[in-house]
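Worksheet for the structure shown next.
The values are calculated or read from the model by the stated rules, or taken from the named source; none is laboratory data. Just so we're clear, the structure is a prediction, and the values are computed from it rather than from any experiment. Here the Cβ positions follow ideal geometry from the backbone for every residue, glycine too, while neighbour counts run over all protein chains shown. All accessible areas refer to the heavy atoms of the entire protein, side chains included, with ligands and DNA or RNA removed. Shrake-Rupley method; radii C 1.70, N 1.55, O 1.52, S 1.80 Å.
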Amino acid sequence: MRASYDVAIAGGGIVGTACAEACAAAGLRVLVAEPGPIGGGATAAGMGHVVVMDDSPAQMALTQYSRALWIERIPELPAEVEYLPCGTIWVAADEEEMQECRRKKVVHDAAGVRSEVLDARQLSEAEPHLRAGLAGGLLVHDDSTIYPPCAARWLLERSGAEVVREAAAEIAGGGLRLRSGERISAGVTVNATGAWAPELTPGIEVRKRKGHLAITDRYPGFVRHVLVELGYLKSAHSITADSVAFNAQPRRSGQVLLGSSRQFGAESGAIEAAMLARMLRRCEEYMPELAELTAIRTWTGFRAATPDKLPLIGPTADPRLYLATGHEGLGITTSLATGRLVADLIRGHEPAIPAAPYLPGRKQEAH
């Protein structure tokens, strides 16, 4: 038996390391159990988009709070985190989608989020490689991108948490048992194992949702902002059908990261040629010149999805067992806010935003 800890965290992805950093900053003694690379798994597979999303008031509150925490960290971020303040353009293909841009603009204005509606000419000037005939878009100024694996490692280093390079085989409110059989005692245990969280906490409503990504060689300036088709929202909301949507992201390296696809019921992490081809065709519909670029790597990952599109953050029926999972495609964005919520709830402090929409015991309805 090791010495006892205030908090033991299963999972060394960006959510687990953000929880470790926030808890350690609050003066708690922290241990992280992670058998693989820190920032591996879904963190390494993710696009690294830090973005305000407004699908629901609770999603807006969490993403806006967390984006603000990332912006606060800018002076401290090491170069390897590759912070790029590029903004997001939600691309509208037609007048119906322009109406959605205007709706989002009203919501952003009310929340103090800087954004502006672009007409067709302004969109073309902002992103010359987009195809002609698009209606316009919505530019959200303070969104950004980071390189998630390095961000996770940086958060863990800042925390000073002890790290044990083993997987948790069992967790409970009083600590966790490692695969080796060793038991670790803790005041609070946090399950931050993403799409695999149900293996340690059976019965929670988290499902794997597979995604494909591709990255090109270096083409500096080819894409200037994160570009997302407004049809992405319909794709992300589907909880049954496989779907693809155009998503192109610039990297500080000059590469272009391309997504996205969503699949339920896919257990293998193997590249599926048909799904990848479908995704890339969708990207080329918006940026035809992408067909001339060279892709150098493709990969997949598993998002942790919940029925109501909100993560599970906070104590379970056992007040000493916490969840920090179910972030689906927003784990990078919302990691810092998740860590703060976990640390505040453990200490009995009032969080900066209401925690109720994310508590594991809430009634979930599919959105």
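Miscellaneous remarks
- Filter result for ILE215 (assigned by TED's automatic domain parsing to the domain that holds LYS105 and either surrounded by 17 or more Cβ atoms within 10 Å (Cβ to Cβ) or outside any strand (DSSP E or B) (or both)): yes
- When each of SER180, SER115, SER159 is tested for being of a type in the set (Gly, Ala, Ser) and closer than 22 Å to HIS225 by Cα, the lone residue that passes is SER115.
- Candidate set from region 291-344 (those that are of a type in the set (S, T, N, Q) and within 27 Å of ILE215 (Cα to Cα)); member that is surrounded by the fewest Cβ atoms within 10 Å (Cβ to Cβ): THR294
- Matching option when the condition is part of a helix (DSSP H, G or I) and not charged (D, E, K, R), among ALA270, ALA274, ALA266, ALA248: ALA274
- Figure legend. Inter-residue proximity from region 204-216: first residues of a type in the set (Ser, Thr, Tyr), second residues part of a strand (DSSP E or B) and open to solvent by 10 Å² or more (accessible area, probe 1.4 Å), beta-carbon distance below 7 Å, spacing 6+ or different chains. Indicated pairs: THR216/GLN255; THR216/ALA295; THR216/ILE296.
- Selection within region 312-350 - part of a helix (DSSP H, G or I), in contact with a Ser or Thr (Cβ under 9 Å, 6 or more places away or on another chain) and on the phi < 0 side of the Ramachandran plot: GLY329, LEU330, GLY331, ILE332, THR333, THR334, SER335, LEU336, ALA337, THR338, GLY339, ARG340
- Selection count, region 140-195, where residues are over 19 Å from ILE74 (Cβ atoms), assigned to a strand (DSSP E or B) and β-branched (Val, Ile, Thr): 7
- Candidates in region 121-138 are the residues that are buried (at least 18 other Cβ atoms within 10 Å of the Cβ) and in contact with a helix residue (DSSP H, G or I) (Cβ under 7 Å, 6 or more places away or on another chain); of these, the one that is nearest to ILE71 (Cα to Cα) is LEU138.
- Residue list for region 66-104, filter: acidic (Asp, Glu), assigned to a loop (DSSP other than H, G, I, E, B) and surrounded by 14 or more Cβ atoms within 10 Å (Cβ to Cβ): GLU82
- Selection over region 33-78 of residues that are of a type in the set (Lys, Arg) and closer than 16 Å to ARG153 by Cα gives a count of 1.
- Enumeration of residues in region 18-45 that are more than 21 Å from the chain's Cα centre (by Cα) and assigned to a strand (DSSP E or B): VAL30, LEU31
- Residue among VAL107, VAL113, VAL117 that is touching a residue at least 24 places away in the same chain (Cβ under 8 Å), outside any helix (DSSP H, G or I), β-branched (Val, Ile, Thr) and assigned by TED's automatic domain parsing to the domain that holds PRO220: VAL113
This table checks each residue for (1) touching a residue at least 24 places away in the same chain (Cβ under 8 Å); (2) open to solvent by 10 Å² or more (accessible area, probe 1.4 Å); (3) in contact with an Asp or Glu (Cβ under 9 Å, 6 or more places away or on another chain).
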position: SER4; (1), (2), (3): yes, yes, no
position: ALA10; (1), (2), (3): yes, no, yes
position: GLY27; (1), (2), (3): no, yes, yes
position: GLY36; (1), (2), (3): yes, yes, no
position: GLY39; (1), (2), (3): yes, no, no
position: ALA44; (1), (2), (3): yes, yes, no
position: GLN59; (1), (2), (3): yes, yes, no
